[in-house]
Amino acid sequence: MKIDDPDLKEEIVETESTKKIIFKLAWPVIAERSLMTFTRIVDMMMVGRIGAAAITAIGLSMQPLFLIQAIGASISVGTTALVARFVGAKEEKRGGKVLQQSLLIASFLAFVLLGLYYYFAKNIITMMGAEGEVIRLGTMYLQILAPGMYFMFLSFMVFAALRGAGDTQTPMKINILVNILNVIGNYALIFGNLGAPELGFMGAAIATSVSRGLGGVLVIIHVFRKTSVITIVKKNFFTIDFELIQRVLKVGLPAAMEQFVMRIAQIFYVRLVAGLGTIAYASHQVAVNAESLSYMPGFGMAVAATTLVGQNLGAKQPEQAEESAFESWKIGSMIMGVMALVFLIFPEFLMKLYTDDPEIIRLGVRNLRIVAFAQIPMGTQFIFAGALRGAGDTKSVFYSTAISSWIGRLGMAYIFINIFNWGLVGAWLAMVIDWSIRGGYVFLRFRSGKWKKIKV
């Protein structure tokens, strides 16, 4: 079709260019997440052969560790927003200074938080509702993971800075290496292959800790090199710049509060599910891992939206920032719609990747068909929350998450499980309600345009 209108031609070229940039930023993240999900499948397949207690121990142990990860990843939101603004304004050196200060914050927080988790590991896993053998295994898992998690915590800041500068390929390459090493380590240490001792459950914990720790070390080394898109400032490395830290925390703290509030709600939510019994919780955990397949496209598009909104605002182009977010959402929604069909049509196949227990499979199939209806709202939440974070509007995301996770997910799960006696079905229906509320809120907030006036 011939197009004669020059304005229309220009609009189409700009839209195509935006789509190309989105895919350029998003595909490494999607590839990275795809491999991480595949690795998690293989990991769970290996651990699943040890027994239901092992699956439950890892599931309950990971919930409090997710809180640590969430705090690190959330503070890194401030790093992403500032680096993206500085890169958009052609001030890359100031972006490197932001990364340096972010690493100082991360080093202190990781040391304190992970030290507490190591010392109180047994108390934490017991608080999660574990009993008997699960307490012993969960305590072991938390304590072995703590050292590796320290360097993983630092890597959140580096990955955030690289993505804010537009480099999504380096995080992809390092995370691919980490996940390959994790699988090899599991194969060797769980079952005693490749000349390694047979350590069973302990082997799974060691492989995870070592691989994650190594990934953190590698990415830190990368940003000290001149070839990095964002290079860390070496001069006066340990000197604290309170003004810059304040700017990072201005954006990062609401995001950290969001994750903290959400993770605490999630911990109580998991305790509700754990109260339904070991088989029910194992089914829940396996289904959650299968469901995480759908996070990949949503997260990839969210990273693209965060980076493009931040850089365009730094370049004083708010309309281009808005366009990039909506283009990311359109693409993400189409992909998430396909994932919804996969969960509706092939849930049994997905469950069998993780376990051969017929009861776990039966319950998990039902879970996945329920959560199929949350896919597009979930993608909407990921992408527009990412766009708002790129603009520095982390407070509105915090408010929506705090209200929805406590009322929409935890509150409704309690009612569905303990009053309506819907069991695991009620827990997953509450999950759908939660994603729908959050997705709707951030969509409306972004459409309001108030984020364009926020200073970071």
(message) What's the ranking of 276-286, 241-251, 297-307 by average number of surrounding C-beta atoms within 10 Å, highest first?
(response) 297-307, 276-286, 241-251
(message) Run the reach check for K97 against lysines, Cα to Cα strictly under 28 Å, same-chain hits fewer than 8 apart removed. What comes back?
(response) K24, K173, K226, K234, K235, K250, K316, K395, K452, K453, K455
(message) Return the Rg/Rh ratio of segment 104-160 with Cα-based radii and a Kirkwood Rh.
(response) 1.07
(request) Only Cα pairs under 8 Å and at least 6 apart count here; give the relative contact order of segment 292-419 as a rounded whole percent. (result) 35
(request) Quick one: compute the contact order of the chain, relative version, from alpha carbon pairs under 8 angstrom and 6+ residues apart, as a percent. (result) 22
(message) Report the gain in length on full extension from T227 to V338: 0.36 nm times residue separation, minus Cα-Cα distance, nm rounded to one decimal.
(response) 36.1 nm
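We did not get these values from a lab; they are worked out from the coordinates using the rules stated. As the structure is a prediction and not an experimental result, all values here were calculated from the model. Every residue, glycine among them, receives a Cβ derived from its backbone with ideal geometry; neighbour counts consider all protein chains shown.
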